[in-house]
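Q: Attaching a single structure in structure tokens format; questions to follow.
Computed from the coordinates by the stated procedures, all read-outs in this text should not be read as laboratory data. None of these values were measured; they are calculated from a predicted model. As a convention, Cβ positions derive from the backbone with ideal geometry for all residues, glycine included, and neighbour counts pool all protein chains shown.
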Amino acid sequence: MIAPVLPTYSRADVSFERGEGAWLTSTDGKKYLDFGSGVAVNALGHAHPALVKALTEQAQKLWHVSNLYKIPEGEKLAKRLIEHTFADTAFFQNSGAEAMECSIKMARKYHAVSGHPERNQIITFDGAFHGRTLATIAATGNEKYLEGFGPRMPGFLQVKFGDLDALKKAITKETAAILIEPIQGEGGIRVPLPGFLKALRELCDLNGLLLIFDEVQTGVGRTGKLFAYEWSGVTPDIMAVAKGIGGGFPLGICLATAEAGKGMTPGTHGSTFGGNPLAMAVANAVLDQVLAPGFLDHVQKMSLFAKQRLAELKDTHKSVIAEVRGEGLLLGVKTVVPNGDFVSAAMREGLLTVAAGENVVRLLPPLIVTETEINEAISKMSEACRKLEAATTKGAA
Ligand SMILES: *Cc1c(COP(=O)(O)O)cnc(C)c1O
């Protein structure tokens, strides 16, 4: 008998009733410190008063109108994103995968209207994650996600993450774009070597390719800047944004330069729900907070503090933790034990974390996290480590 909800997730046996800031309360009354943030979604924590206010005020006025009409809240959001990024234009959808779909379509269309319809191949990197639609699983290139779903959508080629020589060899007359996450999230918080994104920009300029950044997980303050690309000194032509921008309300955005977006004329793309007034009101409220003076400084300060505490934790629990990685509050600990065991052990101590590739456990606290909460997370992880160590010793004896 199949589960009432299609069982594509193996879910932990817990559900939550309410949340406040970095804390969640389960239906059985237990409190959890949330260092998963719904996988980098609840950027401002749970039930942030400014977001609750924005959503409820908009809900009293207007929920949905079609994109056949002007939506002032959306124009406001687009203008603010343009003011604070490389972009000249924005398109609104409902998820990260949809923002990626728009980015992929835009890159292909750009070359088609430039007289090069044959330039429709996009180069991606191993360990990437770009979503679960048919196009984005092809871009992701993970066989596990492609298996059994029929012909793989053509137009994607994958090279080794960080391998510039392989990348240069992969570029042909059919290449349209290079697509990369400035830091790989699902892949295991993999940070490219300094200068890698800059080298990609140069390769794109040299070969007339578009550079696409997938900032679905790295964006909206997660790395201590509004967007992670700001650390690299270069800008993309197209960028996908989602997760944190809605603070928990579903929203995906494709940002682009005027040049990259030139093929996306009336009728070429659309979305029924994308950019609806509820999502736009919440995203504007998220930006109010993230752009407020001192907010990103706080993220950078908490990042430094968390990294120091995690380094200590690693030193005292070498048989559990092998490495600490990441930028801002997009952090990971590579574990010696299976990462799933660490996630479960931390959860038993009342700390939520998220597993990722390369046997890494992701720590994605809300950006409003405090030193006290980081200290609390560290002691919970420390206790989890002690229990994992005890279990290993017992198993070995
Ligand atoms: C989560 C994620 C996506 C997919 O977003 P959905 O909202 O689940 O469709 C795409 N790219 C990256 C980098 C992500 O982390």
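Q: Please compute the length gained on full extension between Lys30 and Lys173, using 0.36 nm multiplied by the number of residues separating them and subtracting their Cα-Cα distance. Intermediate results must be reported in sequence, preceding the final value.
A: Numbers: separation 143, 0.36 × 143 = 51.48 nm, distance 5.79 nm.
Result: 45.7 nm gained on full extension.
Q: Can you tell me the mean projection area, over all orientations, of the convex hull of the chain's alpha carbons? Units nm², please. Mind showing how you got there, number by number?
A: Numbers: hull surface 86.3 nm².
For the chain, averaging the hull's shadow over all directions gives 21.6 nm².
Q: Projecting each Cα onto the charge dipole of the range 228-330 (Lys/Arg +1, Asp/Glu -1 at the beta carbon, about the Cα centre), which of Ala322, Thr257, Trp231 comes out farthest on the positive side?
A: Result: Ala322.
Q: Need the C-alpha centroid separation for the range 7-53 versus the range 118-185, integer Å.
A: Using only Cα atoms to place each centre, the spacing works out to 32 Å.
Q: Further, regarding this structure: Roughly how tilted is helix 196-207, in degrees to the nearest 10 and between 0 and 90, from the longest Cα axis of the chain?
A: Tilt of helix 196-207: around 10 degrees.
Q: Using only Cα atoms, tell me the angle between helix 339-348 and the longest principal axis of the chain; keep it within 0 to 90° and round to the nearest 10.
A: 60 degrees
Q: Pairs to check: Lys168/Lys262; Lys109/Lys173; Lys70/Lys243; Lys225/Lys301. Give those whose C-alpha atoms are more than 22 Å from each other in this structure.
A: In this structure, Lys168/Lys262; Lys70/Lys243 exceed 22 Å between Cα atoms.
Q: Compute the orientation-averaged projected area for the range 98-189 from the convex hull of its Cα atoms and round it to one decimal in nm².
A: Numbers: hull surface 24.1 nm².
Seen from a random direction, the Cα hull of the range 98-189 projects 6.0 nm² on average.
Q: If you average 1/r across every pair of different Cα atoms in the range 146-191 and take the reciprocal, what Kirkwood value do you get, in Å?
A: Taking every pair of different Cα atoms in the range 146-191, averaging 1/r and inverting gives 12.8 Å.
Q: Charges only on Cβ, +1 for Lys and Arg, -1 for Asp and Glu: so what's the dipole of the chain about the Cα centre, in debye to the nearest 20?
A: On the way: 41 positive and 42 negative charges, 46 e Å.
Dipole of the chain, to the nearest 20 debye: 220 debye.
Q: Take peptides 100-107, 161-168 and line them up by average Cβ neighbours within 10 Å, highest first, as a rough protection proxy. If you can, show how the numbers build up before the last one.
A: Working: 100-107: 25.9, 161-168: 15.4.
Result, highest mean first: 100-107, 161-168.
Q: Past 18 Å, Cα to Cα, is the threshold; run Lys307/Lys334; Lys79/Lys198; Lys160/Lys318 against it and keep the listed order.
A: As for pairs spanning more than 18 Å Cα to Cα, those are Lys79/Lys198; Lys160/Lys318.
Q: Which one, Gln184, Gln60, Gln217, has the greatest fluctuation when you compute a Gaussian network model over the chain with C-alpha springs under 10 angstrom?
A: The residue with the greatest mean-square fluctuation here is Gln60.
Q: Would you report the distance distribution of C-alpha pairs in the range 251-397 as whole percents per 10 angstrom bin, up to the bin with the largest distance?
A: Pairs per bin, as whole percents: 10, 31, 23, 19, 12, 4, 1.
Q: Highest mean first, what order results for 207-215, 65-73 on Cβ atoms within 10 Å?
A: 207-215, 65-73
Q: What does the highest-first list of 26-36, 271-281 look like by mean Cβ count within 10 Å?
A: Result, highest mean first: 271-281, 26-36.
Q: Moving on to the next point. Whole angstrom only: what separates the Cα centroid of the range 209-275 from the Cα centroid of the range 59-76?
A: 20 Å
Q: For the chain, which cysteines have no second Cys with its Cβ under 4.7 Å from theirs?
A: If one checks each Cβ against the other cysteines of the chain, Cys204, Cys385 turn up with nothing under 4.7 Å.
Q: Cα axis of helix 72-84 to longest principal axis of the chain: angle in degrees, 0 to 90, nearest 10?
A: Tilt relative to the chain: about 80 degrees.
Q: Of the residues Lys76, Lys169, Lys387, which exhibits the maximal mean-square fluctuation in a Gaussian network model of the chain defined by a 10 Å Cα contact cut-off?
A: Highest fluctuation among the options: Lys169.
Q: Can you give the alpha-carbon Rg of the range 29-109 over 2.2 N^0.38 Å, where N counts its residues?
A: Values: Rg = 16.4 Å, N = 81, 2.2 N^0.38 = 11.7 Å.
For the range 29-109, the normalised Cα radius of gyration is 1.40.
Q: Next question, about the same structure. Using the 2.2 N^0.38 Å rule of thumb for compact globular proteins, work out how the range 130-240 stacks up: its C-alpha Rg over that value, please.
A: Cα Rg divided by the expected 2.2 N^0.38 Å: 1.07.
Q: What share of Cα pairs, in percent, lie more than 23 angstrom apart in the range 1-142?
A: Working: 6081 of 10011 pairs.
Distances greater than 23 Å cover 61 percent of the Cα pairs.
Q: Give me D for the range 190-319 in µm² s⁻¹, whole number, from Stokes-Einstein with Rh from the Kirkwood sum over alpha-carbon pairs, 37 °C and 0.692 mPa s.
A: 191 µm²/s
Q: Which lysines have a Cα less than 19 Å from the Cα of Lys30, not counting those fewer than 8 places away in the same chain?
A: The reachable lysines, counting only those whose Cα sits under 19 Å from Lys30, are Lys380.
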